[in-house]
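Chemist: The structure's right below; bear with me while I get my questions together.
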Amino acid sequence: MEETYYVGAYWLARKESASACAPRFERFLGLLSHCDPTFSQWFKKGRTREAALEHRFASDADGIATFFNQQSQEDGRRETNGWTAHLWNGQPDGAASGLAIHCGDASPRLPNSCLLYPPEAPPVAARVLRAPPLASILRAMVLAWEPEWGIATSHEHRDSVTESGEAGTFVGWLTYFSHRRGALPPLPPSVQLESVEDLGTLVLLTPERFTLANPTHVELAREVSERLAQVGLLSPLRPGAS
C-alpha cells in the first residue's frame, strides 16, 4: 500500500478580520516558498487546468485581504465564520500540491486550519517527503498561524489511530504541541525534539519516512502516544490554547 501524506496545523476560536489574517497568510507563503521550489507559486482552483493557471493567487497581504473580502461579498459569509482559500501549485499530476486555509473563525468547535497536501509521485515527492522538508513546512505553519497543534503524517496512519478524525488526539511522524497545551514528558531517546521559537515543540518520531507498514514505527508511535496521553497532551483542541 502506497501511503499519502499531509501536513496540518489546527487552532480553535480565534476570531480575526480579513486584514488580520492576511499578513499571517503572506508570512506563511513566504516561509513555505523557502521549503521547496515547488511551493513558490499558487493558483486559485478553476474548472480546468488551463483556467486555473490564469488566476495566480496574490501572495501579498493587500491582495489576500482583497480576496477574502470578495469572498465575503460573494457568498454572504459572516466575519465570525472566518475566511477560506483552496489553492493549487500549478504542477502536473503527481507533482501537484494542494493548500487549504481556514482562518479567523470564532467557532469553539470547528477548527481553523492550514493544510498542505504534498506531491505524491517522484521525483518531487522523493525530495519533499522527508523529515527535514516536512519539519520546515510545519515550522512555517507554526510561525505564521501560531496553532495549538500540528501534524505531518500519512492519511493511512491517521485513519488507523483515530475514529472521528478529531484534531489534537494522536501522534504522527512529526507532531507539534503549543506550550499552552502543557509540558512534554520524557520521551524515548530516539525521538527528536525541536523548539519553534518560544511557541512550542516539534516532536519527530524517526528521521526516515514513517510508514504504517513498518511495525517499529507503529510501536514507537504507540509508546509516545501513551506517554503524552498520561499528561493530557492528546486531549481535544481547546479554545484559547493556541
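The values are calculated or read from the model by the stated rules, or taken from the named source; none is laboratory data. Quantities reported herein were computed from a predicted structural model and do not represent experimental measurements. Here the Cβ is made from the backbone with ideal geometry for all residues, glycine too, and neighbour counts use every protein chain on show.
Chemist: Out of everything in region 3-29 that is more than 15 Å from the chain's Cα centre (by Cα) and free of Cβ contacts under 8 Å to residues at least 60 places away in the same chain, what residue ends up being farthest from VAL171 (Cα to Cα)?
Modeler: Ranking the qualifying residues of region 3-29, first place goes to SER19.
Chemist: Residue check, GLU163 against (1) more than 16 Å from the chain's Cα centre (by Cα); (2) farther than 27 Å from GLY82 by Cα; (3) not in a helix (DSSP H, G or I), all met but one. Which one?
Modeler: Just one mismatch for GLU163, condition (2).
Chemist: Among the residues in region 49-60, are any aliphatic (A, V, I, L, M), at pLDDT 95 or above, under 29 Å from VAL124 (Cα atoms) and outside any loop (DSSP other than H, G, I, E, B)?
Modeler: no
Chemist: Does ARG139 fit the bill of being surrounded by fewer than 24 Cβ atoms within 10 Å (Cβ to Cβ), more than 23 Å from PRO215 (Cα to Cα) and modelled with pLDDT of 95 or more?
Modeler: yes
Chemist: Moving on to the next point. Mind telling me which of the residues GLU74, GLU79, GLU120 ends up being assigned to a helix (DSSP H, G or I), over 16 Å from the mean Cα position of the chain (by Cα), of a type in the set (Asp, Glu) and modelled with pLDDT under 95?
Modeler: On inspection, the qualifying residue turns out to be GLU74.
Chemist: May I pose another question? Of all residues in region 102-117, count the ones that are out of contact with any His (no Cβ under 6 Å at 6 or more places or on another chain) and not in a loop (DSSP other than H, G, I, E, B).
Modeler: Matching residues across region 102-117 total 8.
Chemist: Output the number of the condition that ALA61 fails; it satisfies all remaining conditions of (1) more than 19 Å from the chain's Cα centre (by Cα); (2) under 30 Å from PHE210 (Cα atoms).
Modeler: Of (1) more than 19 Å from the chain's Cα centre (by Cα); (2) under 30 Å from PHE210 (Cα atoms), only one is false for ALA61: (2).
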